[in-house]
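Notes follow once the structure below has been shown.
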Amino acid sequence: MTPAPSTVTQLTNRLLKNPRVRYYWAPAPGYELSSWIVDELLVSKDVDPAVRKELGKAGWKKATSVLAPGPGMPKAKPHVVDVEVWKPSNKYYVAVEALLAHLASIFPEPPKVSPNHLLVPCVNRGCYCPGGPPKPVAFPADCDEDIREYSAPKYPTKVAVIDTGYIRHPALDARTGKGGFVAVQGDVLNRAGTWVKSKRDGLYRSNGRLQLLDGHGTFTAGVIAERCPHAQITLVGIRAIESAATEAAVLRAVCRHADADVIMPVFAFHSLLQMKNWTFPNILRQLAPESVLVCPAGNESSPAPHYPAALPWPDYPVIGVGSFVPLGRTGVPNLSEFSNYGSWVRVYTGGEEVVGPYLSVAGVRVEDGDGKRQTFNGWAEWYGTSFATPKVAAAILNRKAGGGARDAANALMALGSPELLGSAAAAGLSGLDLRLHAQ
């Protein structure tokens, strides 16, 4: 196995030491990290019976599915192909990676069988998470006021943010009382393969330090709230292992909130051996006709496709978002050092020096920080494609104005605004062009 790069974070190390996690490092210079749950497998409902037979012979059986019935879970639309979750049927089961290699060797076309990948909310470079932690900032009066000033929309303007969950913040709480914000818990699989409610986000400590993803969901929801006064925000919290989710859990959350105008899963994963993703295409048919997924491109400084952001627009209603350096710093659209890039990244906007609602906590050391004790007064500055993405989500919601989110997204990407580099912006620069320009 390729050795890990030097940028591995403490969170990554904790995850990869978990006995339920397997992983693979791609070669240098990208070192893209794929990881998956050792005792879970994803299988398309329409897979060939011969594939099912091989899975059974290898010691696997179906446990549940992404669209399995549950409180508030919508019924699958007729054209949706469900994603099944399989578990080992005995202790002698064939491991995921060996099983996939076996299937590839006996079937002419790769069957729709893949790992249940582990997903971590995107922050910065570091093969999952930050090369730099959040930083305290002075109280931003304008930002606080903008988040609180929710105004009921003339037309429904729903956005579902799928993230770590909500650590309470007074600005977002003020919006809650007016109908502009609600926090719910998503579903996760327990060891038996049953869907249960996720644990809530909170102040979790590792070796006496504030863990890196605490408050991530609060922050991303706040970035939307600040920029879109009429956004009706639902923050969906998913925590399976540490602060991570699984592919199946994120798919289920997308299906549960398929009627939102904008759905923003703040995850990006690199599939094992760069397998083409089929799980999101299966369930995206559940979305309302005008719904859009807005997703971070990820933060490995890599051109390798990361999902779901890499699904091509307009074939799929997915917009991948990268990050560029604030124009005021350089005067030209330089790509952020941490941002993933490539022709599969649809738009770029500023993902650096983003200010948003955070924790109120005194005298803490932040995981992967400089070791100094810091005090946060409820606000922070953070870097990453996770924080570029809610800016794009808010821009789509602002432009929707009673129409459809997909039409609004198309119009926004055609503008060529200096705040949003799309296919028609920056003289038609692609993601790869941006990377070369930045160098």
Kindly indicate whether Gly378 is closer than 28 Å to Asp144 by Cα and modelled with pLDDT of 95 or more. yes
Mind telling me which of the residues Ile106, Ile37 ends up being of a type in the set (A, V, I, L, M) and under 30 Å from the mean Cα position of the chain (by Cα)? Ile37
Might you check whether a residue that is under 20 Å from Lys391 (Cβ atoms), basic (Lys, Arg) and assigned by TED's automatic domain parsing to the domain that holds Val364 occurs anywhere in segment 191-214? no
If you check Pro308 against the conditions, is it surrounded by 24 or more Cβ atoms within 10 Å (Cβ to Cβ) and either of a type in the set (Phe, Trp, Tyr) or within 20 Å of Val120 (Cβ to Cβ) (or both)? yes
Look at Cys255 and say whether it is in the same structural domain as Trp344 (by TED's automatic domain parsing) and either in contact with a strand residue (DSSP E or B) (Cβ under 6 Å, 6 or more places away or on another chain) or under 17 Å from Leu311 (Cβ atoms) (or both). yes
Look through Pro88, Pro111 and report the one residue that is more than 22 Å from Gly193 (Cα to Cα), crowded, with 17+ Cβ neighbours inside 10 Å and modelled with pLDDT of 90 or more. Pro111
Residues of segment 331-373 that turn out to be polar (S, T, N, Q) and either modelled with pLDDT of 90 or more or not assigned by TED's automatic domain parsing to the domain that holds Trp313 (or both), as a count: 1
Of the residues in segment 116-157 that are touching a Ser or Thr at 6+ places or on another chain (Cβ under 7 Å) and modelled with pLDDT of 90 or more, the one that is surrounded by the fewest Cβ atoms within 10 Å (Cβ to Cβ) is Pro136
What about Gly298, is it crowded, with 24+ Cβ neighbours inside 10 Å, on the phi > 0 side of the Ramachandran plot and not assigned by TED's automatic domain parsing to the domain that holds Leu103? yes
Assuming Ser343 fulfils every condition listed in (1) of a type outside the set (A, V, I, L, M); (2) touching a helix residue (DSSP H, G or I) at 6+ places or on another chain (Cβ under 7 Å); (3) buried (at least 17 other Cβ atoms within 10 Å of the Cβ); (4) part of a loop (DSSP other than H, G, I, E, B) apart from one, which condition is it? (3)
Look through Ala240, Ala253, Ala245 and report the one residue that is modelled with pLDDT of 95 or more and among the small types (Gly, Ala, Ser). Ala253
Hits in segment 191-204 (condition: outside any strand (DSSP E or B) and either in contact with a Gly (Cβ under 9 Å, 6 or more places away or on another chain) or of a type in the set (Phe, Trp, Tyr) (or both)): Ser198, Lys199, Arg200, Asp201, Gly202, Leu203, Tyr204
Take Val161 and tell me if it is modelled with pLDDT of 95 or more and part of a loop (DSSP other than H, G, I, E, B). no
Restricting to segment 143-171, name every residue that is within 22 Å of the chain's Cα centre (by Cα) and more than 18 Å from His257 (Cβ to Cβ). Ile167, Arg168, His169
Residue check: is Thr220 surrounded by fewer than 24 Cβ atoms within 10 Å (Cβ to Cβ), of a type in the set (Ser, Thr, Tyr), modelled with pLDDT of 95 or more and not in a loop (DSSP other than H, G, I, E, B)? no
Of Val250, Val188, which residue is in the same structural domain as Leu397 (by TED's automatic domain parsing), assigned to a helix (DSSP H, G or I) and closer than 27 Å to Pro115 by Cβ? Val250
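The values are calculated or read from the model by the stated rules, or taken from the named source; none is laboratory data. These figures come from a predicted structure and were not determined experimentally. Every residue, glycine among them, receives a Cβ derived from its backbone with ideal geometry; neighbour counts consider all protein chains shown.
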